[in-house]
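Let me begin by presenting the structure, written as structure tokens, before commenting on it.
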Amino acid sequence: MKLVPLLVLCVAVLGPVSAARSPYQAVLQHSRIRGRQQGANVCAMQKIPGTDKKYFTNCKQWYHRKICGKSTVISYECCPGYEKIPGERGCPAALPLVNMYNTLGAVGATTTQMYSDRADLREEIEGPGSFTFFAPSNEAWEALPAEILDALVSNVNIELMNALHYHMVSRRLTSEELKHGSSFASMYQDFHVHIQHYPNGIVTVNCGRLIKTDQHATNGIVHVVDRVITAISNTVHTLIDVDENLETLRTAIAAAGLTNILESEGQYTVFAPTNEAFEKIPPEMLNRILGDPVALRDLLNYHILKHMQCAESIVSGTPMETLQGTVLEVGCDGDQITLNGKAIITEKDQLGTNGVVHYISELLIPDSAKTLLELAESSSVATATKLFVDAGLSSHLTGSETLTILAPLDDAFKGSLAMNPEMKNLMTNHILKEQFSSKSLYHNQELETLGGLKLRVFVYRNNLCIENACIAAHDRMGRFATMFTVDKVLTPPMGTIMDVLKADDRFSLLVGAIQTAGMTELLNQQGALTFFAPTNAAFNALPRAERTQLLRNGQELSRVLRLHLGEGLLVSGGVGSHTRVKPLQGVKLELGVRNYTVYVNRVPVVEADLMATNGVVHAVNTIVKPLPPKVDREQADGPAAPLRTAAAIRADGKIFRNEDLFQKVIKSRSSRTMTRNQ
């Protein structure tokens with residue numbers, strides 16, 4: 001099936017779903033629509049093979065056929081409140097309304113029904129009243145440790161009665177009334193049961209998932225739940241306070257002043273690192289964080305979500321906001337919860353009155369608690385990190401200076417990386433004296449490096465660049481400093497455009513041509529120019545007579561070279577698929593990108609971003625000519641290519657042949673000049 005019909009079908013299905021009154025009802029309605037081809041009141045369910053877990057399905061799960069990364073199979077069952085009739089299609093019959101005791105048997109909660117008999121609860125749930133019973137499934141009872149189950153059923157029915165009463169509320173509560181974050185007094189000493197109703201349609205009570213919901217009885221409602229729930233009376237902080245495995249965490253919480261938060265009312269999720277998790281951190285790093293109240297608070301807040309997230313509610317990866325202000329990617333892989341892609345949760349769903357605790361085997365360290373060196377070591381900039389260290393700059397990367405480092409990606413480095421005075425100076429100039437955020441940078445802003453150089457900021461539609469290096473990833477904001485990942489090794493400007501050309505033997509003919517054309521002062525003065533500079537190869541590609549004639553004609557040289565000079569400073573990272581630059585001579589220069597190469601009026605740039613104090617030089621091996629008036633855009637820019645960072649732009653060194661039209665123009669002008677001379 002093609003994508004468009006799929007989307008149309010999904011929208012068609014979601015239309016009535018959006019009108020449903022709750023997330024659970026929305027998912028139930030979607031499952032009913034998916035199952036309607038099997039008959040009336042049939043719901044489609046997704047089951048994880050090898051487990052007893054089944055889910056009503058939403059649109060995303062239906063097409064992906066996966067839950068927690070595991071492939072699912074589709075089964076069809078009667079929707080809640082309906083049953084089959086032998087010989088008839090679908091589930092046409094509504095379940096007869098009977099008392100709650102008999103309803104337990106009708107919905108398959110026979111073990112709960114049996115224990116209700118044993119605890120002398122049958123008379124109560126058969127009689128008058130209005131109850132909600134969160135009835136554990138048969139599998140939930142089987143999952144209880146034998147010693148706990150024995151203790152429940154052997155104490156002259158008192159413990160069993162108390163346990164069952166904790167699963168009951170003395171009022172009728174439909175799924176609509178089970179609001180997210182709500183709690184209700186149970187029939188066991190008014191201890192509350194805690195409800196979570198998640199956007200994906202999953203409803204939990206004390207972190208147990210409701211697997212059969214809204215089973216109506218004459219005297220109440222039965223919701224079948226996948227676990228036996230127990231009464232809770234302690235806060236999240238108390239749970240942490242009494243566990244020896246969380247001793248280091250407890251000490252850290254006290255030092256950071258977070259005790260009050262974890263004792264207060266709320267709905268928190270704490271990913272609690274065990275003592276062993278803290279021991280895995282290098283001692284010097286751990287001691288630094290423990291001794292820094294700001295870093296420690298950020299570290300701990302990064303382990304706390306602003307809402308309560310039970311394990312059963314997670315069926316796919318989702319970014320979730322922490323108290324620290326950034327997000328954790330909370331997902332699942334089979335029956336394991338993952339954090340930022342790692343299955344490090346060792347114990348789930350330790351419930352408190354104000355949240356839930358999940359134990360984890362590794363410490364989660366946010367960027368805001370890291371030094372610059374630690375940020376670099378956890379990024380894809382291993383080469384730059386080593387060079388910073390080899391250059392003797394570690395003290396700047398591990399201290400409390402407010403700095404910003406420009407860390408090139410590994411593939412930005414080419415050639416020899418031996419540490420010498422030039423390399424040390426280069427790496428020093430990749431460190432800025434202040435801490436910046438990329439969002440605060442602006443066009444033509446000047447940034448000073450530790451080496452004393454001034455670097456310019458260029459803001460383009462598709463990129464943000466510092467000199468020739470463009471930012472290739474989100475900022476990494478450390479404890480005192482920031483890391484910008486950039487796509488190129490920085491080449492600071494070391495002179496004017498004329499200085500750059502004179503220092504490069506490839507431009508010896510161009511330097512002479514500039515002097516002949518009287519443009520030396522233009523290329524030495526302050527400003528911002530982009531020069532698509534013809535190399536010696538570009539001039540030598542012309543027929544000898546024409547080249548000789550051109551290089552002697554100052555006026556013609558000025559006209560040709562001004563077509564190669566664009567107003568404003570444009571580095572390769574600022575070139576998009578259809579970029580326009582106004583030249584000093586002519587109407588426009590059209591730039592584009594094809595096969596990782598920048599083109600200007602069809603001419604490839606063989607080396608980009610030779611930075612000058614008053615502009616930038618891009619080397620071309622062909623003289624640039626004006627485009628014909630009705631040039632086809634694809635021919636000008638090449639076939640459409642994905643927008644990419646400047647790191648991908650590499651000179652390919654090929655020389656485009658001179659166009660016939662340009663040759664004719666040169667020959668015609670040469671002929672007229674010779675005629676006048678005669």
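The values are calculated or read from the model by the stated rules, or taken from the named source; none is laboratory data. From a predicted model like this one, the values you see are computed outputs, not experimental measurements. Here the Cβ is made from the backbone with ideal geometry for all residues, glycine too, and neighbour counts use every protein chain on show. Quick note on the areas: whole protein, heavy atoms, side chains included, nothing else; ligands and nucleic acids left out. Shrake-Rupley method; radii C 1.70, N 1.55, O 1.52, S 1.80 Å.
General observations
- Subset of region 346-386 [farther than 30 Å from ASP335 by Cβ, open to solvent by 20 Å² or more (accessible area, probe 1.4 Å) and part of a loop (DSSP other than H, G, I, E, B)]: LYS370, SER379, SER380
- Test: SER130 is touching a strand residue (DSSP E or B) at 6+ places or on another chain (Cβ under 7 Å) and under 28 Å from VAL153 (Cα atoms): yes
- Neighbours by Cβ (under 7 Å, 6+ apart or cross-chain): first from region 551-565, of a type in the set (S, T, N, Q); second part of a helix (DSSP H, G or I) and open to solvent by 10 Å² or more (accessible area, probe 1.4 Å): SER558/ALA517
- Selection count where residues are under 16 Å from CYS207 (Cβ atoms) and open to solvent by less than 20 Å² (accessible area, probe 1.4 Å), scope region 321-345: 2
- Counting the residues of region 42-74 that are open to solvent by 30 Å² or more (accessible area, probe 1.4 Å) and either at pLDDT 95 or above or assigned to a strand (DSSP E or B) (or both) gives 8.
- Which listed residue is crowded, with 20+ Cβ neighbours inside 10 Å, more than 29 Å from ALA538 (Cβ to Cβ) and free of Cβ contacts under 8 Å to residues at least 60 places away in the same chain, from LEU453, LEU447, LEU432: LEU432
- Qualifying positions in region 532-546 - more than 13 Å from ARG506 (Cβ to Cβ) and crowded, with 17+ Cβ neighbours inside 10 Å: PHE532, ALA541, LEU542
- When ASN260 is tested against the conditions (1) modelled with pLDDT under 95; (2) touching a Phe, Trp or Tyr at 6+ places or on another chain (Cβ under 8 Å), the lone failure is (2).
This table checks each residue for (1) open to solvent by 40 Å² or more (accessible area, probe 1.4 Å); (2) over 30 Å from TYR302 (Cα atoms); (3) touching a Gly at 6+ places or on another chain (Cβ under 7 Å); (4) in contact (Cβ under 8 Å) with a residue 60 or more places away in the chain.
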{"position": "ARG461", "(1), (2), (3), (4)": "yes, yes, yes, yes"}
{"position": "MET477", "(1), (2), (3), (4)": "yes, no, no, yes"}
{"position": "ALA481", "(1), (2), (3), (4)": "no, no, no, yes"}
{"position": "ARG506", "(1), (2), (3), (4)": "yes, yes, no, yes"}
{"position": "GLN515", "(1), (2), (3), (4)": "yes, yes, no, no"}
{"position": "LEU522", "(1), (2), (3), (4)": "no, yes, no, no"}
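- Count of residues meeting criterion [among the aromatic types (Phe, Trp, Tyr) and free of Cβ contacts under 8 Å to residues at least 12 places away in the same chain] in region 92-116: 0
- Pairs linking a residue in region 117-145 that is under 30 Å from LYS53 (Cβ atoms) and of a type in the set (Val, Ile, Thr) to a residue that is open to solvent by 70 Å² or more (accessible area, probe 1.4 Å) and assigned to a loop (DSSP other than H, G, I, E, B), with Cβ atoms under 8 Å and 6 or more positions apart or on different chains, are THR132/ARG171; THR132/ARG172.
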